[in-house]
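Worksheet: the structure to be examined is printed underneath.
Each reported figure results from applying straightforward, stated rules to the coordinates on display, with no laboratory input. A quick note: this is a predicted structure, and the numbers were derived from the prediction, not measured. In this analysis, Cβ positions are derived from the backbone assuming ideal geometry, glycine residues included, and neighbour counts consider all displayed protein chains.
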């Protein structure tokens, strides 16, 4: 059986991505020609998909230092953000972004060589790590991602994450509200204020260790179970948790 080459980009994908990559400047004085953008993107995606270290990249895909340098260049040029935006726009045209029920969550990952951008992970003996805060639509499609140190509380990243949407968000209306589902780590008055200021209906799991949560539950009236809100009792946060689990 012929072995597949999963790192190779299909013509269909390359035709979509190629226009989003800036043209490389010419070198009239000559020198070694640069590796092709298509080969470099294939190698970058292979690293991201497999989670291997850059220096473990198979030589047939390209020199690890060359691939990494191209990755950093494109990162600075916003290439990956443009690819993400283009993918969201196409997804919106084909399926429609599920704006009605969104969810946000943070996850901590290891980053032993992350330098100043990391923080002590409180759940991993203080080892260096990062916190990835992500906003997803109702199907788990990532709409915004913010990276900070692992010692950064979820609630402190809420506003920044909501401000970093990668695609224009339709304005919520009374007839078509937009709900935001969060776990107990966001049960703070400042988060409620932030969520409402962004014109979401907040659905935050109460933190029963938080005295303010007890007081709020005692004061707030029961949620109406109209046809538009009867699904509030359904699990909604799992979509962002599922998406988070797919990344190393």
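See the values below:
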| read-out | value |
| --- | --- |
| Spin-label pair residue 98/residue 190, simplified geometry with 7 Å Cα→Cβ offset, distance in nm | 3.1 nm |
| Ordering of 49-59, 139-149, 179-189 by burial proxy (mean other Cβ atoms within 10 Å per residue, highest first) | 179-189, 139-149, 49-59 |
